[in-house]
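Chemist: Would you mind keeping the following structure in view while I ask a few things?
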Amino acid sequence: MPLSEESDSPSATVHTPARLESTDPATGDVVGVFPVHDADAVRATVERARAAAERWAALGYAERRLRLAAYRGHLARRLPELADLVHRENGKPHDDAVLEVTLAVDHLAWAAGHAARTLGPRRVRPGLLAANQAAYLEYRPLGVVGVIGPWNYPVFTPMGSIAYALAAGNAVVFKPSEHTPAVGAWLAAAWRAAVPDVPDAVQVVTGYGETGAALCRAGVGKIAFTGSAPTGRRVMATCAETLTPVLMELGGKDAMIVDDDADVAAAADAAVWGAMSNAGQTCIGIERVYATSAVYDRFVGEVTRRVADLEPGSHDRAAYGPMTMAGQGDVVRRHVADALAAGGRLVAGGTVDGRFVAPTVLLDVPETSAAVREETFGPTLTITRVADAEEGLTRANASSMGLGGSVFSGSAARAMDLARRMRSGMTSINSVLTFASVPALPFGGVGDSGFGRIHGEDGLREFSRAKAITRQRFALPVPLMSFARPAPAARTLARVTGLLHGRHR
Ligand code: NDP
């Protein structure tokens, strides 16, 4: 039965401009019908959230932690139900949806458990010039955080902002993608059920881009945006109207470097999972591999053997599902055609059947072609031969994007060195995507992949503002910040500064 925000209303199943119909990408079946919230409705939602934010912040860390635990428990107990909804609305296999929800629950636990220690009040050293002061630092919530999310990981991705914003003491208004409103509405309903005493601390608004733009203009303390770079630019421009700060989690074109002494079978296995799982619709998915000449042939052999066993579909044995958005198959077609026209070779896939894209492997595609430069967001992989890992790193870093990446090497020291110099926010060594499953690690990109961080302590601070307080413990014998300052004080100060710092050259 289709879900609906207004399921008791007979008109809810009629598709009008004021209604948003969400469908199963594999079957076309209606998953749910949702209102298209206009600017007034969004503003009213944010106002309700503002009142809830005060109440939520006033609860303090310990009480919030209890309620966040109740939410986490609710999600964990209903995990199969939520995973089924993700499967139907996004198209990914049920088991992948289970993994996604599990990771989101883990982040919720970490954020709640670490908020007080990361953000709570602490004393800091006042320093010599202010030795008469006690100095305090704490991180205060922003109020209401607007979360605008994509459809590819409709639970995990928004939860990376929602969990950390809530733990930091904010209320959240979440605008899910028009392709996954049912999952967004489910998450908000779950909050109301689990935390009935502050029900408006998590609310959802549904609709298209205009609804998201209205959220940017509704007076929120911050917009946490996850989506493509073009939309990110529009969101920033809208937020600039009201000086609303933004967090930008944008697309990627992540690379894997396979070094001479890498475990080639393990690298191939990871590359195939990193590229093809979730039908390649993963912001931190591996889209490019740079394999050294020493391992290139073996690596290509291992990858092609593995992808031959992968079958897309929506049945139980499917490795991955359909493209969630109808138009995404056209992007894959364009990138494959462009790569082949430029001299690349296709060793697997390349076909698009309706919403299902065969696992596609392209070899030695010129670095200038779209398949190497633009985010494909499909089950595709380019593999390029390089002389050594250093050349692989240079090519990996030549992208305007820099989200994640991976290094496979037999030497931990060499891999660490390459990982450090990879121009990206996150790198996994001898695995793929794993940084996203470590809640203590910050998640975010550089360049066209955006800025700001979710997850970890940085993620908690992202949704707060630093508050600095000094308390005078006793008056200085010689006041420095007063018109009553004696004339010689400045000369003495200059002498002391010269003694303390002047010897450094
Ligand atoms: P989009 O950029 O198309 O949309 C993202 C969200 O923005 C959607 O909710 C969308 O609403 C909304 N939106 C659209 N126009 C506006 C506007 N003018 N003002 C405010 N909001 C607006 O991205 P996709 O949903 O297609 O997601 C895929 C992209 O997200 C990929 O590039 C992927 O790499 C990236 N991504 C990045 C991640 C990261 O952490 N860095 C994680 C996951 C994905 P609607 O759908 O209703 O149009």
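Chemist: Ignoring ligands, DNA and RNA, please state the percent of accessible area on the chain from carbon and sulfur, probe 1.4 Å. Don't skip to the answer; put the middle values down first.
Modeler: Details: 11990 of 21520 Å².
C and S fraction of accessible area: 56 percent.
Chemist: Further question on the same structure: Quick one: what are the phi-derived ³J(HN,Hα) couplings along segment 488-505, Karplus 6.51/-1.76/1.60 with θ = phi - 60°, whole Hz, x for glycine and proline?
Modeler: x, 4, 5, 5, 4, 4, 4, 5, 4, 4, x, 5, 6, 10, x, 6, 7, 10
Chemist: Rg/Rh for segment 254-437 to two decimals, with Rh computed the Kirkwood way over all alpha-carbon pairs.
Modeler: Rounded to two decimals, Rg/Rh equals 0.94.
Chemist: Roll a 1.4 Å probe over the protein chains and send me the accessible area per residue for segment 237-356 in Å².
Modeler: Ligands and nucleic acids excluded, the figure is 39 Å² per residue.
Chemist: Please list the non-local residues whose amide H lies under 5 Å from the amide H of residue 313, H modeled 1.01 Å from N, same-chain partners needing a gap of 5 or more.
Modeler: For residue 313, whose amide H was placed from the backbone, the distant partners under 5 Å are 319, 320, 321.
Chemist: Going through segment 296-333, which trypsin sites (Lys or Arg not before Pro) have at most 16 other Cβ atoms within 10 Å and a DSSP loop state?
Modeler: Within segment 296-333, the qualifying trypsin sites (Lys or Arg not before Pro) (loop, at most 16 other Cβ atoms within 10 Å) are 317.
Chemist: Select from 219, 447, 326 the residue farthest towards the positive end of the dipole of the chain; place +1 on Cβ of Lys and Arg, -1 on Cβ of Asp and Glu, and compute about the Cα centre.
Modeler: My answer, from the dipole projection, is 219.
Chemist: Rolling a 1.4 Å sphere over the protein heavy atoms, what is the accessible area per residue of segment 81-120, to the nearest Å²?
Modeler: Result: 32 Å² per residue.
Chemist: Separate question: Please compute the contact order of segment 400-505 in relative form: average sequence separation of alpha-carbon pairs under 8 Å and at least six residues apart, divided by the residue count, as a percent.
Modeler: 19
Chemist: Could you name the lysines in cross-link range of residue 175, using Cα to Cα under 27 Å and dropping any fewer than eight places away on the same chain?
Modeler: 92, 222, 253
Chemist: Along segment 421-430, what does the Karplus equation 6.51 cos²θ - 1.76 cosθ + 1.60 (θ = phi - 60°) give for ³J(HN,Hα), rounded to whole Hz, x for Gly and Pro?
Modeler: Karplus-based 3J(HN,Hα) across segment 421-430 equals 8, 5, 7, 7, x, 9, 9, 9, 9, 6 Hz.
Chemist: Take the Cβ-Cβ distance between residue 465 and residue 261 as r, set R0 to 45 Å, and report the resulting FRET efficiency rounded to the nearest 0.05.
Modeler: Efficiency computed from Cβ-Cβ geometry: 0.45.
Chemist: Name the long-range amide H neighbours of residue 247: under 5 Å, sequence gap of 5 or more, or other chain; modelled H, no Pro or chain starts.
Modeler: 223, 224, 225
Chemist: Could you tally the net charge around residue 355, taking each other residue with its Cβ under 12 Å from the Cβ of residue 355, Lys/Arg +1 and Asp/Glu -1? All intermediate terms of the calculation are to be shown ahead of the outcome.
Modeler: Details: positive: none; negative: 24, 330, 353.
Combined, the nearby Lys, Arg, Asp and Glu give -3.
Chemist: Another question, if that's okay. Place the peptides 103-112, 361-370, 175-184 in order of packing, highest mean first, counting for every residue the other Cβ atoms within 10 Å and averaging per peptide.
Modeler: Descending packing order for the listed peptides: 175-184, 103-112, 361-370.
Chemist: State, as an integer percentage, the relative contact order of segment 254-437 based on alpha-carbon contacts under 8 Å between residues 6 or more apart.
Modeler: Across segment 254-437, relative contact order equals 29 percent.
Chemist: Quick one: grab the alpha carbon gyration tensor of the chain, order the square roots of its eigenvalues as a ≥ b ≥ c, and give me rounded if a/c is under 1.5, else prolate or oblate depending on whether a/b is larger than b/c.
Modeler: Oblate, since a/c reaches 1.5 and b/c is not below a/b.
Chemist: How large is ³J(HN,Hα), in whole Hz, for each residue of segment 150-166 in order, when computed from phi with the Karplus curve 6.51 cos²θ - 1.76 cosθ + 1.60 and θ = phi - 60°, using x for Gly and Pro?
Modeler: Computed from phi, the couplings for segment 150-166 are x, 9, 6, 10, x, 9, 4, 5, x, 5, x, 8, 4, 4, 6, 5, 5 Hz.
Chemist: Just from its helices, what would the mean residue ellipticity at 222 nm be for the chain, if runs of 4 or more DSSP H residues each count -39500 (n - 2.57) and the sum is divided by every residue, rounded to the nearest 500 deg cm²/dmol?
Modeler: Result for the chain: -13500 deg cm²/dmol, rounded to the nearest 500.
Chemist: Counting only residues 5 or more places away or on other chains, whose amide H sits under 5 Å from the amide H of residue 133 once H atoms are built in the peptide plane?
Modeler: Distant-sequence amide H within range of residue 133: 473.
Chemist: Relative contact order, percent, of the chain when contacts are C-alpha pairs under 8 Å separated by at least 6 residues?
Modeler: Taking the mean separation of contacting Cα pairs over the length of the chain, I get 17 percent.
Chemist: Local charge sum around residue 97 (other residues, Cβ-Cβ under 11 Å, Lys/Arg +1, Asp/Glu -1)?
Modeler: Net local charge, residue 97 excluded: -4.
The values are calculated or read from the model by the stated rules, or taken from the named source; none is laboratory data. Quantities reported herein were computed from a predicted structural model and do not represent experimental measurements. Positions of Cβ are backbone-derived with ideal geometry, glycine not excepted, and every protein chain shown enters the neighbour counts. Note: accessible area is taken over every heavy atom of the protein model, side chains too, but ligands, DNA and RNA are not part of it. Shrake-Rupley method; radii C 1.70, N 1.55, O 1.52, S 1.80 Å.
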